[in-house]
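The values are calculated or read from the model by the stated rules, or taken from the named source; none is laboratory data. Values in this document were obtained by computation on a predicted structure and should not be read as measured data. Remember, those area values only see protein heavy atoms, side chains included, never the ligands or the DNA or RNA. Shrake-Rupley method; radii C 1.70, N 1.55, O 1.52, S 1.80 Å.
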Amino acid sequence: MDLSKLADEFPREAVHWRAQTLTKNGDKALALAYLDARDVMDRLDEVCGPENWQSEFFETPKGRVICRLGIRIGDDWVWKSDGAGDTAVEGEKGGVSDALKRAAVHWGIGRYLYRLPAVWAPCETYERGGKK
């Protein structure tokens, strides 16, 4: 098993974008790249084999979801963890997915996305529930 392959770039069509911070007048947004949790799981299957990785989830007293992502290396399991809170779009499910993706970054999966240059993209804004 070549764990360095975990850090390989994903095909461009697997990288998604979402708006983060808006400019004051709302005409541009900071675009952030992200991966789908299923693509992360597929990468783990491809590089490690489905039998050689596993994830565990825990909730903190403050409601944050922690994912422990383990990979079997030889006879030993090596664990790396990270967490996330509920997301605005899919609440608890989004928090679980985000925790998995964040733990995967500790293994190198998608880490290169954090090094991409900041992109401010033109956008249209609208209000929903009093928020832009």
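In this structure the chain gives 67 Å² per residue of accessible area when probed at 1.4 Å with all protein chains present. For the chain, a Kirkwood radius taken over Cα pairs fed into Stokes-Einstein (20 °C, viscosity 1.002 mPa s) yields D = 132 µm²/s. Here the accessible area of the chain is 50 percent carbon and sulfur, with a 1.4 angstrom probe and all protein chains present. Mean-square fluctuations from a GNM of the chain, with a 10 angstrom spring cutoff on Cα atoms, peak among E13, E59, E46 at E13. Accessible surface ranking for R43, R115, 1.4 angstrom probe, highest first: R115, R43.
Under a Gaussian network description of the chain, with springs only between Cα atoms under 10 Å, the residue in L116, L100, L35 that fluctuates furthest is L116. Computed on the Cα trace of the stretch 1-76, the radius of gyration divided by the Kirkwood hydrodynamic radius gives Rg/Rh = 1.11.
By a 1.4 Å probe calculation restricted to protein chains, R64 has an accessible surface near 100 Å², given to the nearest 10.
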